[in-house]
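Enquirer: Just passing along the structure, written as structure tokens.
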Amino acid sequence: MYGDTRVITADQLITMDPARPRAEAVAVSGGRITAVGSIAECLTVTDAPITDLSGSTLMPGFVEPHSHPLLSGITTEAPAYNISPWLVPDWPGIVALARQAAVDVPPGNSILLFGLDQLLHGCPFPTATEMDDLFGDRIAVIIALSQHKAAVTTAALESLGWLDNAPPDPVGGTFGRRPDGSLDGTADEVPAVLAFAAPALQSLGGHSLAQASSYLAGMSRAGITAASELAYDTTMASAYEALWSLPHVPMRMSVYHSTADPLCSQRLTTPIAPELLCKGGLKFWADGSAWLGTIATSFPYLDSEAVRRAGISDLHPGPKAFNYDRDELDAMLAQHGGEGWQIACHANGDLTIDLVLDAYEAALQSHGLLGTDHRWRLEHVGATRTDQLQRMSRLGVIPTFGVFQMMQWGDLLDGELFESRFGARWSPTGDAAATDLDASHQSYHNDGNISPSNPLASVQAAVTRRSNARTESGEYRLAAGHLHGPEQQVSLHLALKAITINAAYILRREHEIGSIEVGKFADLVELSADPYLVNPARIAEEVEIRGTWLAGRPTEPDAFIAEAAALPVS
Ligand SMILES: [Zn+2]
């Protein structure tokens, strides 16, 4: 897979290496960087030909520290329909698309729409009655953008055998019911969503590897050369191995194994080189989604129209939103904390973060890991407090910020869902920058299909603290809307570190990727402009991604899609 030996030059190289922030050229051999500096310096290590990218700026390839590429591909790439608000902004648009899908999708195949958000689309979640009105007698499912809710047609319930024979709720999830106890076609939380979506997923008529490759190609076109899977389980092993066996796979992959899988302690056994496909650690979910009222915060939701629209009836769920109590967390960390894996935990509410930090601290202590370089992770941390960021720093726990939460829901978080003093500082990147976490620990992610894969938009949002804007025609403009928590703005340099070297750090890969330095892999992104020289409020629009390089070779996303499409359907 390694590219030829060569010297690559561009208008400038931004290395993210503080020892030499800027360079003229990079020499590459065997997939790794052998020299960085002037063209003359690079030519002292090789007389290989020069590849001249004049007119472009080179940076280290972007690193996505928290994603879900496989499921994102299956749920958003054809034959699935992506109705996320930035593509289909309102309910009438969804209705039109759903009716068309019922005509276009061949009879016998099911229909899957992904990306409904009650808050952003401004509509209630449908039940089987509305679903039948849209899709008739077809097996169809609509999955929420948060992935924590779904609705299906009566035909889908019938295919499950649950029409006259409603099952009990699964552990960790609930099925919506009518007064007579029959299922109303809605499912809440991931185990229930997966149970309802199963018939639709089975008869979608798609090619899951081709769908995943198409999604990964989109990530590659956004400049990403290393990514992650934060909901891995052993059922995904063959898919990841098949995709990462392809000659044109465009990025590296670190998988984090869900602790719900009894096989989560196992090492990844695969013939794929670990620098391409490796297991980063273990993952669990300590709470849910702010848009569904399933996070544990010390402050209540407001009694507002937006909260009612989201279907949130309990304004202050508090610890009721925990997915684990302390004893359960302790037992899980006693079992897995000493296995050598990096541990990652989804936690959005400040009460959840208190609970997890308490359990982390006790487990780190008992496993003899306090003071070591364990880098246990906290994911998203939307409502984290400053004292918690300081505590993370003391414990060596690393948060990664879902800045997209502020971008997509900032206008609602700030004064509609929560009092402004809580909502405006959502994803408090500025507070994190004021702690020791500034040094090498602040990273940003897009969380798979929950937001468009676009690291530069996260940079723009962290620098400006602006939410997404919508034009009069309903089109989205990323991070170009209202200002939320200007005291949380960070420097452009820190934001660029957050999608390169710091994102590599939380994946424990900063020794091999994340900056342009001798000895690291030659993973690069080619930009149309120097991001330090454009208006920070327009980075995502004005800095175009011209391509990426993996191990010294230009990636070819289209070739990768073609290779995946030629794989047998699994
Ligand atoms: Zn996630």
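Enquirer: So who's got an amide H within less than 5 Å of the one on D414, skipping anything under 5 residues away but keeping other chains? H placed 1.01 Å off N, in plane.
Expert: Those qualifying (amide H under 5 Å, at least 5 residues apart or on another chain) number zero.
Enquirer: Here is a follow-up. For E41 and A439, compute 0.36 nm times the residue count separating them, minus their Cα-Cα distance, and round to one decimal in nm.
Expert: 140.3 nm
Enquirer: Also, I was wondering about something else. To the nearest Å, what is the center-to-center distance of the stretch 190-259 and the stretch 340-381, using C-alpha atoms only?
Expert: Taking the Cα centre of each part, the stretch 190-259 and the stretch 340-381 sit 26 Å apart.
Enquirer: Going by alpha carbons, how many degrees (0 to 90, nearest 10) lie between the helix axis of 326-336 and the longest principal axis of the chain?
Expert: Tilt relative to the chain: about 50 degrees.
Enquirer: Would you calculate, for the chain, the mean residue ellipticity at 222 nm contributed by helices, counting each DSSP H stretch of 4 or more residues as -39,500 (n - 2.57) and dividing by all residues, to the nearest 500?
Expert: Working: 20 runs with 176 residues, N = 570.
-8500 deg cm²/dmol, from helical runs alone.
Enquirer: To the nearest 10 degrees, how steeply does helix 208-221 sit against the main Cα axis of the chain, on a 0 to 90 scale?
Expert: 50 degrees
Enquirer: Mean projection of the alpha-carbon convex hull of the chain over all orientations, in nm²?
Expert: The number I arrive at for the chain is 24.9 nm².
Enquirer: Ranked highest first by average number of other Cβ atoms within 10 Å, how do 346-355, 116-125, 11-20 line up?
Expert: Answer by packing, highest mean first, reads 346-355, 116-125, 11-20.
Enquirer: When the solvent-accessible surface of protein heavy atoms is calculated with a 1.4 angstrom probe, in what order do H66, H511 fall, highest first?
Expert: H511, H66
Enquirer: Still on this model: Expressed in nm to one decimal, what extension gain is obtained for the pair A565 and L483 from 0.36 nm per residue of sequence separation less their Cα-Cα distance?
Expert: Extra length available between A565 and L483 comes to 25.2 nm.
Enquirer: OK, next. Tell me, what is the FRET efficiency for R546 and S473 to the nearest 0.05, using R0 = 25 angstrom and their Cβ-Cβ distance as r?
Expert: 0.30
Enquirer: Also: For H493, H482, give me the order by solvent-accessible area with a 1.4 Å probe, most accessible first, ignoring ligands, DNA and RNA.
Expert: Values: H493 90, H482 115 Å².
Heavy-atom accessible area, descending, gives H482, H493.
Enquirer: Near the amide H of V36, under 5 Å away, which other amide H atoms are found, from residues 5 or more places off or on another chain, if H is placed in the peptide plane?
Expert: Answer set, sorted by chain and number: A27.
Enquirer: Over the chain, what percent of the accessible surface lies on carbon and sulfur atoms, probe 1.4 Å?
Expert: On the way: 10810 of 20370 Å².
Percent of accessible area from carbon and sulfur atoms in the chain: 53.
Enquirer: Within 10 Å of each candidate Cβ there may be at most 13 other Cβ atoms; applying that plus a DSSP loop requirement, which GluC sites (Glu not before Pro) in the stretch 436-490 survive?
Expert: On the way: sites: E472, E475, E487; in loops: E472, E475.
Those satisfying the criteria are E472, E475.
Enquirer: I would also like to ask the following. Could you calculate the FRET efficiency of W91 with E328 from 1/(1 + (r/R0)^6), where r is the beta carbon distance between them and R0 is 30 Å, rounded to 0.05?
Expert: E(calc), rounded to 0.05, equals 0.20.
Enquirer: List the residues, sorted by chain then number, that are 5 or more residues from S56 or on another chain and whose placed amide H is less than 5 Å from its amide H.
Expert: Amide H neighbours of S56, under 5 Å, 5+ apart: D11.
Enquirer: Roughly how many nanometres apart are two label points built 7 Å out from the Cα toward the Cβ at R99 and E339?
Expert: Each label point is offset 7 Å from its Cα along the Cβ direction, giving 5.1 nm.
Enquirer: Let me ask you something else. Tell me the relative contact order for the stretch 359-479 as a rounded percent, counting alpha carbon contacts under 8 Å between residues six or more apart.
Expert: Details: 177 pairs, mean separation 28.9, N = 121.
Computed over the stretch 359-479, the figure is 24 percent.
Enquirer: Length gain on complete extension for the stretch D358 to T5, per 0.36 nm per residue less the alpha carbon to alpha carbon distance?
Expert: Roughly 122.1 nm would be gained on extension.
Enquirer: Which whole-Hz couplings ³J(HN,Hα) result when phi for each residue of the stretch 300-306 is put into the Karplus expression 6.51 cos²θ - 1.76 cosθ + 1.60, θ = phi - 60°, listed in order with x for Gly and Pro?
Expert: Those phi angles translate into x, 5, 7, 7, 10, 4, 4 Hz.
Enquirer: For A537, put the label point 7 Å out on the Cα→Cβ axis and report which residues of the stretch 471-498 keep their amide N under 14 Å from it.
Expert: What the label zone holds, given the 14 Å backbone N cut-off, is 478-484, 486.
Enquirer: Based on the Kirkwood radius over alpha-carbon pairs, what value in µm²/s does the Stokes-Einstein equation return for the translational diffusion coefficient of the stretch 102-209 at 10 °C and 1.306 mPa s?
Expert: Rounded to a whole number, D works out at 115 µm²/s.
Enquirer: What FRET efficiency comes out for Q266 versus T174 if R0 is 25 angstrom and r is the Cβ-Cβ distance? Round to the nearest 0.05.
Expert: Working: r = 31 Å, r/R0 = 1.25.
After rounding, the FRET efficiency stands at 0.20.
Enquirer: Return the distance in nm (one decimal) between the two label points of a simple spin-label model at D387 and D133, each offset 7 Å from Cα along Cα→Cβ.
Expert: Reported label-point gap for D387 and D133 is 5.0 nm.
Enquirer: Something else now. Rolling a 1.4 angstrom probe over the protein chains, ignoring ligands and nucleic acids, what is the accessible area of E158 in square angstrom, nearest 10?
Expert: Ignoring ligands and nucleic acids, E158 comes out at about 120 Å².
Enquirer: How far is helix 386-395 tilted, in degrees, relative to the longest principal axis of the Cα atoms in the chain, given as a value from 0 to 90 rounded to the nearest 10?
Expert: Computed tilt is about 60 degrees.
Enquirer: Could you report the chain's accessible area per residue, 1.4 Å probe, as an integer in Å²?
Expert: 36 Å²
The values are calculated or read from the model by the stated rules, or taken from the named source; none is laboratory data. Just so it is clear, the structure is predicted and the values come from calculations on it, not from any experiment. Note: ideal-geometry Cβ built from the backbone for every residue, glycine included; neighbour counts use all protein chains shown. Each accessible area value is taken on the protein alone, full model and side chains, heavy atoms only, with ligands, DNA and RNA left out. Shrake-Rupley method; radii C 1.70, N 1.55, O 1.52, S 1.80 Å.
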